[in-house]
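Encoded as structure tokens, the structure appears first; notes follow it.
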Amino acid sequence: MTEELQTTGYARSHGPGGVNLDALQRMRSVEGQVRGVQKMIEQERYCMEIVDQISAIRAALAKVSESVLKRHMETCVVEDLRNGSPEQQDQVIAELMDAIARRVR
């Protein structure tokens, strides 16, 4: 979240204590997958096996992104739309649209 959007008390409260544990666990899993691919490359494994593993990592990262975006919409976006100024509301909608556009590319 950009500094400008961290103007409501609700958005500011989402620090380390508000981390989405599911997303954190998924990222740890992705970290392990990336290490596995590094080893595969070091061992000069078959290229298509490496490509398949990279595809799996991308899919796992997409799941994390989806989870974090969903949580953001359910918490920060809802709160800012309910309680934010008209400028904050416009800004949060623009940020959300940008995030969605990046996901569909």
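Seen from Q38, the other residues with C-beta closer than 14 Å to its C-beta sum to a net charge of -1, counting Lys and Arg as +1 and Asp and Glu as -1. Note on D22 and C47: their simple-model spin labels are 3.8 nm apart, each label 7 Å out from Cα toward Cβ. Cβ-to-Cβ counts within 10 Å put S29, S85 in ascending order as S85, S29, the fewest first. For the stretch 21-104, report the % of Cα-Cα distances exceeding 20 Å. Here the long-distance tail beyond 20 Å is 51 percent of all Cα pairs in the stretch 21-104. Distance between the modelled labels on E31 and E87, one decimal in nanometres: 3.9 nm (7 Å Cα→Cβ projection).
Since every read-out is calculated from the coordinates, none of them should be taken as a lab result. Computed from a prediction, not measured in an experiment: that's the story for all the values here. Cβ atoms come from the backbone with ideal geometry, glycine included; neighbour counts cover every protein chain shown.
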